[in-house]
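The values are calculated or read from the model by the stated rules, or taken from the named source; none is laboratory data. Only a predicted model underlies this, so the values are computations on that prediction, with no experimental measurement involved. Every residue, glycine among them, receives a Cβ derived from its backbone with ideal geometry; neighbour counts consider all protein chains shown. What goes into the accessible areas is simple: the full protein's heavy atoms, side chains included, and nothing from ligands, DNA or RNA. Shrake-Rupley method; radii C 1.70, N 1.55, O 1.52, S 1.80 Å.
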Amino acid sequence: MRKIKKEIFEDTLKRMKSDSNTQMFSAGGNNYRDLIGILNDIDISKINLEEALEVLTNLVKTNQSWVERNQPNASERIRQSFLIVMGLIILRESKNIDLSETEKEKVYAYFEALSELYKNSIAIDMIEACFVDDSKFYFEDFQNKIWLSNEQELGLIKDFYDVLYINDFKLQNNDMLLKCSNMLFRISIYRVISSEILHNMAALKLCYAIIKNEIVLKTEIQTLLVCLLKLQDETVIKQTDSEQEALYKLRCRIISCKIAKELYVRGIKSDIVDGWKRISENKNEFIEIRNVVFDTTGDE
């Protein structure tokens, strides 16, 4: 089975090399989900990380031009490359295999290429500090940048936490990661609670991703509950809402309900959580809301 997975890894790298063509955009070549799906089961000790990072860096660089030419699949290629790089780095960390100096240089080169698309991304700063080198990381700057991060940047951080979750990598395993996660979680909640619903989807998704990674809620639980209470009313769809507004509200309502379910599963007692449970059981709600079943364990 591991051999088959290694073949998927090698085949995906070959496809990435083909997808790095700057003269022609290969249709259908942007999907590396087969590799992403099995990456956490790969024997990382058998992977040539330097070679893989070179291929991934070149993919990012060459697809920048396609992004600039408004090729819609190019940015998704780059995003998936990020998921793969993070999966590889987390696997190394999980196995307590330190990065060599040459491998660190390759990681820096990849993130330098990525930063052309995700400019001033706090995700890149945080990941380098957590897994490569924290000597140039200034926590106060990081804190300020969280407030200023746009939807795309918050989305990249959310993707990072999704990779952590898939790999069952505990926040407590890395002191810097835990410290950054606590700050991200706190500011994300405040961003949701202090902004209009149409401007808080990315921050809300990030909150949910961090909660799934079992962050300790003790210090922020009251603020989170108030946030959920606010969203109970704000996500109700009105007849006067446009189709786009209604869809946006529904997405926020689904995520809010999933957050409430996570609190319920953790045994947090609150009328606000109970209120979301009743919403999920309401036959008049959308099916996506009713599919969030509180009285089970694990994801729906």
When both residues are 6+ apart or on different chains and their Cβ atoms are under 7 Å apart, which pairs have a first residue that lies in region 35-55 and is part of a helix (DSSP H, G or I) and modelled with pLDDT under 95, and a second that is open to solvent by 20 Å² or more (accessible area, probe 1.4 Å) and among the polar types (S, T, N, Q)? ASN40/ASN167
On the basis of being buried (at least 17 other Cβ atoms within 10 Å of the Cβ), aliphatic (A, V, I, L, M), in contact with a Phe, Trp or Tyr (Cβ under 6 Å, 6 or more places away or on another chain) and closer than 28 Å to SER26 by Cα, does LEU83 make the cut? no
Return the only residue of LEU171, LEU148, LEU204, LEU198 being without any contact (Cβ under 8 Å) to a residue 12 or more places away in the chain and of a type in the set (A, V, I, L, M, F, W, C). LEU148
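Yes/no matrix, rows are residues, columns are (1) closer than 21 Å to LEU224 by Cα; (2) modelled with pLDDT under 95; (3) in contact with a Phe, Trp or Tyr (Cβ under 9 Å, 6 or more places away or on another chain); (4) not in a helix (DSSP H, G or I):
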residue	(1), (2), (3), (4)
ASN144	yes, yes, no, no
GLU153	no, yes, yes, no
PHE160	no, no, yes, no
ASP168	no, yes, no, yes
LEU178	yes, no, no, no
ASN182	yes, no, no, no
For region 229-274, name all the residues that are touching a residue at least 24 places away in the same chain (Cβ under 8 Å) and either exposed (fewer than 13 other Cβ atoms within 10 Å of the Cβ) or of a type in the set (Gly, Ala, Ser) (or both). SER256, ALA260, ARG266, SER270
Take THR62 and tell me if it is farther than 19 Å from ASP159 by Cα, among the polar types (S, T, N, Q) and touching a residue at least 40 places away in the same chain (Cβ under 8 Å). yes
Within region 123-173, work out how many residues are under 16 Å from the mean Cα position of the chain (by Cα) and either polar (S, T, N, Q) or open to solvent by 80 Å² or more (accessible area, probe 1.4 Å) (or both). 8
